[in-house]
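Read the structure below first, then the notes.
Computed from the coordinates by the stated procedures, all read-outs in this text should not be read as laboratory data. No experiment lies behind these values; they were computed from the predicted model shown. Neighbour counts run over all protein chains shown; Cβ positions are idealised from the backbone, glycine included.
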Amino acid sequence: MESKSKHNRLFFFLITLFFTCMSIQAEELVLHLKKGGLVTFALDKKPVLTFVNDTLVVKSEILNYSVSINDIEKYDIKDISTDQKRLKNEAETPDIYNGHVVFNNLAEGCHVYVYDITGKLLYVNAADQSGRIDVNLTFLPHGIYIIKSPVVSIKINR
């Protein structure tokens, strides 16, 4: 009986996800984990979601991730314009110094993405309550990186 209930929840999850993605121009699937933290999947990278027993497995061009469905608190689907709507004002050009790229005047929670030159997503950072993001590149090896905010994309040679 327990197994049938889990299969029903998985089926409902997949159907809800499918119809939500179809009804909006979805950009990201965000999993909120019970232990805290978020896991974000860019839908333009065409992730494949499968279930193996009680584990959600997500595979895409840039990421392989698995998590027990019992560890997922909830999920969100962000549409293309979510970050754009959340901007307080048009963000200014970021300040670049000593391996840091600092964005100001973003809305709280706006995302900034860091990619390597091959287009691989390295990490995502979110603006704090003051609308500030300090993207620290000092831990990355020297090379070329693309940093994308909702209003500007820049290429950095570090």
(request) Quickly rank 108-115, 122-129, 137-144 as a protection proxy: mean count of other C-beta atoms within 10 Å, highest first. (result) 108-115, 122-129, 137-144
(request) Neighbouring Cβ atoms within 10 Å as the yardstick, rank LYS148, LYS155 fewest first. (result) LYS155, LYS148
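Just to be sure I follow: if Rg is taken over the C-alpha atoms of the range 86-157 and Rh is the Kirkwood radius over the same atoms, what is Rg/Rh?
Values: Rg = 11.5 Å, Rh = 12.1 Å.
Over the Cα atoms of the range 86-157, Rg/Rh equals 0.95.
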